[in-house]
Amino acid sequence: MNRDVLLVERRDGVATVTLNRPGKLNSLSRQLRDAFVQTLAALADDDTVDVVILTGTGRAFCAGLDLKELGGESATPGSQDDDRERENVVAGADVVRAVENFPGPVIGAINGFAITGGFELALACDVLLASSQARFADTHARVGILPGWGLSQKLSRTIGIYRAKELSLSGNYLSAEQALEWGLVSRVVAPEQLLDTARALAHDMRSCPRDVVRAYKRLIDEGYETDLGHALALENEHSRAHMRSVSSEQIRARRAAVQERGREQT
């Protein structure tokens with residue numbers, strides 16, 4: 001694996017994964033996609049890593065797929081290699097699944113442009129924090145292709161169907177401030193504060209019991225994929241099962257810790 005296209009820093013149970021093709025706006029070449037999938041799989045198997053922060057180098061978070069590869073410039077037009085490369089575009093959804101399959105929280109620290117496939121990669125994260133320089137755009141319609149990594153369904157569920165259609169059918173850019181107002185991101189901070197903010201949030205998540213955080217993430221994701229009635233039944237089922245695994249002493253100790261933390265925060 002060429003580690004230059006992807007940087008990984010492990011610190012205090014948090015892995016910061018940085019897309020590192022700044023000259024190409026961190027576009028997802030086949031090489032970067034392969035490195036990314038392998039890295040996220042390794043982090044998922046690493047018991048010392050609880051939270052992943054995903055970000056980019058330079059002006060972009062990720063500009064989506066490498067359009068030179070997508071346009072067949074690396075293969076002879078009409079050849080089997082050209083056809084295979086086009087098929088690999090949809091197969092590239094592995095980068096999204098790699099994020100979704102990480103068992104702990106994944107924080108997207110959106111430092112700059114998140115465009116099309118990069119937008120889809122951002123939507124795979126559990127929480128989005130944005131630099132004031134972040135910009136989001138869905139340019140599938142302008143490029144002349146349809147999304148295959150989840151954007152057409154996730155975006156409308158996140159910001160509402162009418163706002164999603166406005167973005168996707170126009171290809172217009174969405175500013176960080178507008179993304180905050182529409183509920184796409186949780187916070188907008190100055191560029192120099194982005195990673196520190198993400199790390200502080202990761203630390204807060206790590207201060208909760210690891211098994212509960214992972215189970216809670218699964219519960220939210222599974223419930224979000226179904227209707228409210230089934231989701232409430234799912235919550236009840238998971239809650240009862242988990243409660244049988246927790247002792248009264250553990251609950252009392254954790255309750256005391258929560259009360260102490262509340263006093264410190266207020």
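Based on what the data block shows, is THR197 among the β-branched types (Val, Ile, Thr) and within 30 Å of THR16 (Cβ to Cβ)?
Values: among the β-branched types (Val, Ile, Thr): yes; within 30 Å of THR16 (Cβ to Cβ): yes.
Yes: the conditions hold for THR197.
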(request) Looking at (1) part of a helix (DSSP H, G or I); (2) over 10 Å from the mean Cα position of the chain (by Cα); (3) closer than 14 Å to LEU19 by Cβ, find the lone condition where ALA141 falls short. (result) (3)
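Within the range 198-211, track down each residue that is crowded, with 19+ Cβ neighbours inside 10 Å and under 26 Å from ARG135 (Cα atoms). Give the derivation first.
We begin by selecting, within the range 198-211, every residue crowded, with 19+ Cβ neighbours inside 10 Å; these are 198, 201-202, 205.
Listed by number, the residues that qualify are ALA198, LEU201, ALA202.
Do any helices (runs of 4 or more DSSP H) lying entirely in the range 64-126 carry at least 3 residues that are of a type in the set (Asp, Glu) and modelled with pLDDT under 95, and which ones are they?
Working: elements: 67-70, 80-91, 94-100, 117-123.
Filter on the range 64-126 gives 80-91.
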(request) Scan the range 12-44 residue by residue and report those that are more than 16 Å from ALA60 (Cα to Cα), touching a residue at least 24 places away in the same chain (Cβ under 8 Å) and surrounded by fewer than 19 Cβ atoms within 10 Å (Cβ to Cβ). (result) ASP12, GLY13, ARG30, GLN31, ASP34, VAL37, GLN38, ALA41, ALA44
(message) Testing LEU174 on (1) buried (at least 17 other Cβ atoms within 10 Å of the Cβ); (2) in a helix (DSSP H, G or I), one condition comes back false. Which one is that?
(response) (2)
(message) Please go through the range 127-143 and give me each residue that is touching a Gly at 6+ places or on another chain (Cβ under 8 Å), at pLDDT 95 or above and not charged (D, E, K, R), ordered by number.
(response) VAL127, LEU128, LEU129, SER131, GLN133, ALA134, ALA137
(request) Might you check whether a residue that is at pLDDT below 90, of a type outside the set (Gly, Ala, Ser) and not assigned by TED's automatic domain parsing to the domain that holds PRO105 occurs anywhere in the range 214-224? (result) yes
(message) Against the conditions (1) touching a Cys at 6+ places or on another chain (Cβ under 6 Å); (2) surrounded by fewer than 16 Cβ atoms within 10 Å (Cβ to Cβ), where does GLY108 fall short? Just the number, please.
(response) (2)
(request) Would you check which residues across the range 10-53 are assigned to a loop (DSSP other than H, G, I, E, B) and β-branched (Val, Ile, Thr) and list them? (result) THR48, VAL49
(request) Taking SER247 as meeting all but one of (1) in contact with a strand residue (DSSP E or B) (Cβ under 7 Å, 6 or more places away or on another chain); (2) modelled with pLDDT under 95, write down the number of the exception. (result) (1)
(message) Restricting to the range 189-248, give me the number of residues that are more than 18 Å from the chain's Cα centre (by Cα) and in a loop (DSSP other than H, G, I, E, B).
(response) 10
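The values are calculated or read from the model by the stated rules, or taken from the named source; none is laboratory data. For clarity, every value in this text was computed on a predicted model and none was experimentally measured. Note that we place each Cβ from the backbone using ideal geometry, even for glycine, and neighbour counts take in every protein chain shown.
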